[in-house]
Amino acid sequence: MLFEFVTTYRDAIIARSREKLTARPWPSASVHELANGVPLFLTQLSGTLRSASTGTPHSPGAISSTATLHGRELMALGFTVSQVVHDYGDICQAVAEVAIEQNAPITTDEFKTLNGCLDTAIADAVTEHARITAQSRSTDESERLARVAHETRDLLNTAILAFHALKRGSVAINGSTGAVLGRSLMGLRGLVDSTLSEIRIGANQQRRERVSVTPFLNEIAIAGGLYAESRGLAFAVEAGDPGWAVNADPQLLASAVTNLLNNAFKYTRSGGHVMLRAHATEDARLVIEVEDECGGLPDTAGDPFQPFGNQRGRDRTGLGLGLSIARKAVRAHGGDIRIRNIAGKGCVFVIDIPLAEEDVPVLSGVAQ
């Protein structure tokens, strides 16, 4: 019987399956997959084959229920849908190969039963995996929208209160209340920019054009200077060589740089300094740096690029989305963001993207 063969040669089938997983170029095998996934797959197959070998007609419901549970287990282990499908196929091949090597008396009908079990198992495991994934994404999206709405409401309420105070004429526009209004409006603008950038990144909508670095950074610096002034900070800009250019979506790239600046202004202590500077590397890369005086990252800061993560200073306002969206925007341009910590002083956030090739024309407004 096939289920007896699978039970007897379980270790050999597991070893052969893992060989296939390791040799597979894509999708790559995870640590959990190699340690736990194959035995889980084989246990399910043994159970379904055993039930198929009984005298009563085989019940597809039995396979479906175990496959649904299996898909849930794989989701919990972090398996992708591709891994679910590929792993079932690898184990089926391993069973066949070991059976041939051992001259096992497995009939054509038994192999048909095996393939039928696998087809049903794959369908139901993938269906359950997809259901849980969709449910999780829906929950995450609801949470994100709720937090964005909450943050928008708080910023708007603060701006309205400051506006009414200024409207009464009891305080000066250039005083603390005016600064509160300015910070609230800047916060609202940053939140809108980040949300729009996240939507465009998620929809894979980019409009690339040749962007001159110096005027691009100087334009960002105008708004940055106003924000720095409202928080009592010194702000300096070194925009680099006027000849530098990048092939970029200006809105997405500006959102990334602005997010880094807003974080620098937010966490730098009053009276501190923030620097925006750019330089080019020998391997034709543009490096944009934002240096702050936040005091440095604490050891318990965690990943500052994690959405809704822990804030890195005493100021806990904001959703923690800015850095996450900034990194996505930069990676969409073939680059990345890294952090250089200056213990006891501050941080330097570094954007690294390719410079434009002089001999490759890029038409403004053309999607790429």
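For Ile100 and Asp119, calculate 0.36 nm times their separation in residues minus their Cα-Cα distance, and state this gained length in nm to one decimal.
In short, 4.7 nm is gained.
Can you order the peptides 347-357, 259-269, 110-120, 159-169 by their average number of other Cβ atoms within 10 Å per residue, highest first?
Top of the packing list down: 259-269, 347-357, 110-120, 159-169.
What FRET efficiency comes out for Leu188 versus Glu219 if R0 is 22 angstrom and r is the Cβ-Cβ distance? Round to the nearest 0.05.
Efficiency, rounded to the nearest 0.05: 0.65.
Compute the Kirkwood hydrodynamic radius of the range 216-282, taking the inverse of the mean of 1/r over all pairs of distinct Cα atoms, and give it in Å to one decimal.
This gives a value of 12.7 Å.
What does the charge count around Phe3 come to, taking other residues whose C-beta lies under 14 Å from its C-beta (Lys +1, Arg +1, Asp -1, Glu -1)?
With Lys, Arg at +1 and Asp, Glu at -1, the net is -1.
Summing Lys, Arg as +1 and Asp, Glu as -1, what charge do residues with Cβ under 14 Å from the Cβ of Ala239 carry, Ala239 excluded?
-3
Bear in mind that the values in this text are calculations on the coordinates, not laboratory data. Bear in mind that the values here come from a model prediction, so they are computed numbers and not experimental data. Note that we place each Cβ from the backbone using ideal geometry, even for glycine, and neighbour counts take in every protein chain shown.
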